[in-house]
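One structure below.
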Amino acid sequence: MDILIASHNEGKIFEIKKYFEYFSINFFDLRSLDIHESVSEPFDTFQQNSFHKADYYSAISGMLVLADDSGLEVECLNGRPGVL
């Protein structure tokens, strides 16, 4: 199985590959496929931004895509700063 990791972040790519190292998955990253476009993250939730990113890179690569979006939510600050 081939999966594209939707990130230019080398640390994130390494981390994802490490989590799945015991599975028969061939991971590709954006640089290895010569994809340099960045995707906007216009939504209010991490989940929506991840889906948006996965849809975008799947459309241009034709591959299954693993996308991640993260940020910082602090309970005593009512979830702020949140999605950045």
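The values are calculated or read from the model by the stated rules, or taken from the named source; none is laboratory data. These numbers come from a predicted model, not from an experiment. Because the Cβ atoms are built from the backbone with ideal geometry, glycine has one as well, and the counts that use them run over all protein chains shown.
The set of residues in region 53-70 that are farther than 22 Å from Tyr19 by Cβ and of a type in the set (Gly, Ala, Ser) comprises Ala59, Gly62.
Of all residues in region 1-22, which are among the basic types (Lys, Arg) and either closer than 21 Å to Tyr56 by Cβ or in a strand (DSSP E or B) (or both)?
Result: Lys12, single match.
Of all the residues in region 46-84, those that are more than 22 Å from Ile25 (Cβ to Cβ) and at pLDDT 95 or above number 1. For region 43-78, what are the residues that are closer than 21 Å to Phe14 by Cα and charged (D, E, K, R)? Within region 43-78, Lys53, Asp68, Asp69 meet the criteria. Just one of the listed residues (Ile13, Ile25, Ile35) is under 12 Å from the mean Cα position of the chain (by Cα), on the phi < 0 side of the Ramachandran plot and not hydroxyl-bearing (Ser, Thr, Tyr), namely Ile13. Here is the figure for region 26-59: residues that are among the aliphatic types (A, V, I, L, M) and either surrounded by fewer than 14 Cβ atoms within 10 Å (Cβ to Cβ) or in contact (Cβ under 8 Å) with a residue 40 or more places away in the chain (or both) total 3.
Looking across region 30-61, just one residue is touching a strand residue (DSSP E or B) at 6+ places or on another chain (Cβ under 7 Å) and closer than 24 Å to Glu73 by Cα, and that is Ala54.
Of all residues in region 1-37, how many are within 16 Å of Ser70 (Cβ to Cβ) and either among the hydrophobic types (A, V, I, L, M, F, W, C) or out of contact with any Lys or Arg (no Cβ under 7 Å at 6 or more places or on another chain) (or both)? Summing the residues that are within 16 Å of Ser70 (Cβ to Cβ) and either among the hydrophobic types (A, V, I, L, M, F, W, C) or out of contact with any Lys or Arg (no Cβ under 7 Å at 6 or more places or on another chain) (or both) in region 1-37 gives 12. Within region 23-57, the residues that satisfy the criterion of being of a type in the set (D, E, K, R) and in a loop (DSSP other than H, G, I, E, B) are Asp34, Glu37, Glu41, Asp44. Against the test of being of a type in the set (A, V, I, L, M, F, W, C) and in contact with a strand residue (DSSP E or B) (Cβ under 9 Å, 6 or more places away or on another chain), the options Phe23, Phe27 yield a single qualifying residue, Phe27.
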